[in-house]
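Pasting a structure below so you can have a look.
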Amino acid sequence: MTAPLHPVRTLDARYYTDPEIFRIEQNGLMVRTWQFAGHVSQLLKPGDYFTFDVAGQSLFCIRDKEGEIRAFHNVCQHRAHELVKGEGHTGLIVCPYHAWTYELTGKLRSGPNIGSVPGFDRGEICLTSVKVEEFCGFVFVNLDPDARPMDEWFPGARDELAAFVPHFAELKPVDWVEIPENCNWKVSVENYSECYHCRINHPTFANGVVKPETYDIQPQGYCLRHTTECQNLDRMTYPVDLDANEHAGEYSSWFLWPMFSFQVYPGNILNTYHWRAIGADHVVVWRGWYTIGGTESDIIKNLAAQDRETTVEEDIQLVESVQRGLKSRGFRPGPLVLDPACGVNSEHSVQVLQQWMREAVDG
């Protein structure tokens, strides 16, 4: 007799509401995965730097005199003062506290009166470095010194993205907005990673940008690859030149677990999402739009405004409602809709995500 099949159910609410689980993620997942730091346009010349936070750690990236991008913990090796703030340019890294001075490679160069200390070996002191990679014009770091390269985490994603945006090396941010959401970061990521809700909740996106019936999401390593066709040109909410690139008529997205996504709209328009988890029930989503040289574009300006007023606002309402519902005594983990044929009305991508989420907490 065949054993009955049992539907796959969603994660327990505690994965999204328990501050202890968020602490486990901060101390584990966030320090073992590739995290977005910034854009290479912030590091055009040797000495250019910018600061950022990952997993509660203050870090900074800087371009050295040989042109290499380096990343360091933002802390002096003398008495733990922070070294730099914001972004800017410097020939040397000088601690504001006691003027200990470091080369752009992180090696200690000098410090007041250090020569009077018996046995002081300047060569033994260096800023604590962090693994860093450039990925299609974007800078990522990993606090795990043994982390595998991004191409092993996200196989094929680099080449695919370059095919959709062949001019990525010329891009600069043209519009950047921070969107706070009162929900757990995983609620927001799950919402992004399925289009089962699109026809119901995103009429502008579903009717004026993509053809939902062609939407699908498939895993590639620790990447979720979204693919779909653009809507009929007479229904598109902005003009698209289908001859501009072989992928101009497609929408595609590469979600890089756990907190970043490249999204290419029809017409080869690059948009990015970056989730910054603030607490168990609060996340800030950074949305970026890019043009060649950072020049103004009426098409992108209008598309960004349309996206903010429709899809983004609609998603805020959805994810914040889910977070409230997860705190309800009446919630029981429900079954995921897993269609063997996949497609837009299947939650197979959420199943993959939730497996990664479970492993990050439970091992």
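The values are calculated or read from the model by the stated rules, or taken from the named source; none is laboratory data. Predicted model, so just to flag it, every value in this text is computed and none were measured. Cβ coordinates were reconstructed from backbone atoms using ideal geometry, including for glycine residues, and neighbour counts include every protein chain displayed. These area figures cover heavy atoms from the full protein model, side chains too; ligands, DNA and RNA do not enter into them. Shrake-Rupley method; radii C 1.70, N 1.55, O 1.52, S 1.80 Å.
Quick one: in segment 74-103, which of the residues that are of a type outside the set (A, V, I, L, M, F, W, C) and in contact (Cβ under 8 Å) with a residue 40 or more places away in the chain is surrounded by the most Cβ atoms within 10 Å (Cβ to Cβ)?
Per the stated criteria, the residue is Gln77.
Which one is least open to solvent (accessible area, probe 1.4 Å), of the residues in segment 229-251 that are in contact (Cβ under 8 Å) with a residue 24 or more places away in the chain and among the polar types (S, T, N, Q)?
Per the stated criteria, the residue is Gln231.
Confirm whether Asn268 is modelled with pLDDT under 95, among the polar types (S, T, N, Q) and open to solvent by 10 Å² or more (accessible area, probe 1.4 Å).
For Asn268, the condition - modelled with pLDDT under 95, among the polar types (S, T, N, Q) and open to solvent by 10 Å² or more (accessible area, probe 1.4 Å) - is not met.
Tell me which strands (runs of 3 or more DSSP E) are completely within segment 29-96 and hold 1 or more residues being small (Gly, Ala, Ser) and within 16 Å of the chain's Cα centre (by Cα), or say none if there are none.
Per the criteria, 35-39.
Can you tell me which residue is nearest to the chain's Cα centre (by Cα) among those in segment 262-298 that are among the small types (Gly, Ala, Ser) and not in a strand (DSSP E or B)?
Filtering segment 262-298 for residues that are among the small types (Gly, Ala, Ser) and not in a strand (DSSP E or B), the one nearest to the chain's Cα centre (by Cα) comes out as Ala280.
Can you spot a residue in segment 204-221 that is charged (D, E, K, R), buried (at least 21 other Cβ atoms within 10 Å of the Cβ) and under 29 Å from Met150 (Cβ atoms)?
No, that holds for no residue.
Take Asp307 and decide whether it is of a type in the set (Asp, Glu) and under 23 Å from Ala206 (Cβ atoms).
Here the answer is yes, as Asp307 does meet what is asked.
Taking segment 142-166 as the search range and keeping residues that are surrounded by fewer than 15 Cβ atoms within 10 Å (Cβ to Cβ), within 23 Å of Ile269 (Cα to Cα) and more than 17 Å from the chain's Cα centre (by Cα), which one is modelled with the lowest pLDDT?
Looking at the filtered set, the residue picked out is Pro166.
Scan segment 22-43 and tell me whether some residue there is of a type in the set (Lys, Arg) and within 30 Å of Arg329 (Cβ to Cβ).
The answer is yes; a qualifying residue exists.
Mind listing whichever residues of segment 323-363 are open to solvent by 70 Å² or more (accessible area, probe 1.4 Å) and touching a Cys at 6+ places or on another chain (Cβ under 9 Å)?
Arg324, Asn345
Here's another thing I want to ask about it. If I filter segment 282-298 down to residues being in contact with a Leu (Cβ under 9 Å, 6 or more places away or on another chain) and surrounded by 18 or more Cβ atoms within 10 Å (Cβ to Cβ), which single residue comes out as nearest to Phe52 (Cα to Cα)?
It comes out as Gly288.
Residue by residue, here is whether (1) under 28 Å from Lys172 (Cβ atoms); (2) out of contact with any Lys or Arg (no Cβ under 9 Å at 6 or more places or on another chain) holds:
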| position | (1), (2) |
| --- | --- |
| Ile62 | yes, no |
| Arg70 | yes, no |
| His73 | yes, yes |
| His78 | no, yes |
| Thr90 | yes, yes |
| Val94 | no, yes |
| His98 | no, no |
| Ile114 | no, no |
| Val130 | yes, no |
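OK, next. Just name the residue that is farthest from Arg32 (Cα to Cα) out of those in segment 104-127 that are touching a residue at least 12 places away in the same chain (Cβ under 8 Å) and part of a loop (DSSP other than H, G, I, E, B).
Pro112
Among the residues of segment 317-360, count how many are in a loop (DSSP other than H, G, I, E, B), touching a Leu at 6+ places or on another chain (Cβ under 7 Å) and either free of Cβ contacts under 8 Å to residues at least 12 places away in the same chain or closer than 17 Å to Cys198 by Cβ (or both).
Of the residues in that region, 2 qualify.
Continuing with this model, one more query. Quick one: how many residues across segment 40-67 are crowded, with 20+ Cβ neighbours inside 10 Å and farther than 22 Å from Ala280 by Cβ?
Qualifying residue count for the region: 8.
Let me ask something additional. Please work out which residue is farthest from the chain's Cα centre (by Cα), limiting yourself to segment 299-322 and to residues that are open to solvent by 40 Å² or more (accessible area, probe 1.4 Å) and among the β-branched types (Val, Ile, Thr).
Ile299
Another question about this same structure. Sort through Val132, Val174 and tell me the only one that's crowded, with 18+ Cβ neighbours inside 10 Å and either modelled with pLDDT under 95 or within 24 Å of Gly267 (Cα to Cα) (or both).
Sole residue among the options that is crowded, with 18+ Cβ neighbours inside 10 Å and either modelled with pLDDT under 95 or within 24 Å of Gly267 (Cα to Cα) (or both): Val174.
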